[in-house]
Amino acid sequence: MTDPRRALCTLAALAAALVASGHLMAAQRDAADKKPSLSLKASPPAGFAPLRVHLTVDVKGGANDYADFYCPTVQWDWDDGTISETSEDCNPYEAGKSNIQRRYSADHTFRLSGDYRLTFRLKQKDKVVSSATTTLTGAPGRHRGLRRVTASVDHVMAELQGRVRERVRADLVRHGASSALEDPALFAEIDEMLRAAIDRSQPAALLLPELLGDPSTWRLETAIKYQTHRGTSGAPIMFVKRRLLMPVLRWFYEFSRDNFERQRRINQVLFACVQELAIETTRLRRELRERSGERLDRT
């Protein structure tokens, strides 16, 4: 027969182990929440080859003592067949005392023209702990013998943007887009209107969200809310959800959350485009009414 006291001790030990496991998973979850993000920018983002570029990486958010970001190996992948990698000797890591570096920068010269995908990586030993990418366009250089050639920056950027826009237009037409896009001038106007809409896609500048009514009925929510209808008796269920199920299913939650965030951004851009189209349509209708009124006055 099983000793009741031994069985009780066994249950107590299992409960303690379960709580300790929950605290450990919660600590791991909290550590993941504090991970900083990387923002990579190239200046200038386009130009004539040979093109010298200054890259800057800002480490945003997260904890100042995030362990994986402390004293990392820094790698720059230039996408031209070369990779730069540096590392430093640092003092041993101490939680709460060791501070991570918040900005990195480097310069590189691209000798040949082309489109480049630049990648910045932070590594601990051979493991990549975080990375960021950006693109760069190098146009064929222009030479005039030994004479110095000067050009307006605005003119150069406008020419590069025109080349990129023409390449996009040709790709769209080749893949079956509307035949109206075969007109470069019309495509340029469409491109300009959509870009203006994207620039004004901040939620506070949009009318459609106000017309949709209560945000809780249509707005995407990416945060998990733990709820129970069982009152105080639901506390064990909440504990299981937070401490056991959530750590196990966290990868799926993060995957879904990231996709919801992308969808929310797309919704904002679509709202802005619809608003821009509504503005243009209203203007055209007003002009038509005014012209119709002028014709009636003449008759």
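Here are the numbers for the structure shown:
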| read-out | value |
| --- | --- |
| Subset of the range 203-214 (residues that are part of a helix (DSSP H, G or I) and surrounded by 12 or more Cβ atoms within 10 Å (Cβ to Cβ)) | Pro203, Ala205, Leu208, Pro209 |
| The listed residue being surrounded by 15 or more Cβ atoms within 10 Å (Cβ to Cβ), of a type outside the set (Asp, Glu) and under 12 Å from Thr137 (Cα atoms), out of Pro50, Pro72, Pro44 | Pro44 |
| Within the range 251-299, considering residues that are over 20 Å from the mean Cα position of the chain (by Cα) and among the acidic types (Asp, Glu), the one modelled with the lowest pLDDT | Asp297 |
| Any chance Ser87 is out of contact with any strand residue (DSSP E or B) (no Cβ under 6 Å at 6 or more places or on another chain) and hydroxyl-bearing (Ser, Thr, Tyr) | no |
| Positions within the range 166-202 being within 17 Å of Ala278 (Cα to Cα), under 26 Å from the mean Cα position of the chain (by Cα) and part of a helix (DSSP H, G or I), in sequence order | Ile190, Asp191, Glu192, Met193, Leu194, Arg195, Ala196, Ala197, Ile198, Asp199 |
| Count - residues of the range 95-120 that are over 25 Å from Ala49 (Cα atoms) and in contact with a Pro (Cβ under 9 Å, 6 or more places away or on another chain) | 4 |
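The values are calculated or read from the model by the stated rules, or taken from the named source; none is laboratory data. Every value quoted in this text rests on a predicted model; they were computed, and no experiment measured them. Reconstructed Cβ throughout: ideal geometry from the backbone, glycine too, with neighbour counts over all protein chains shown.
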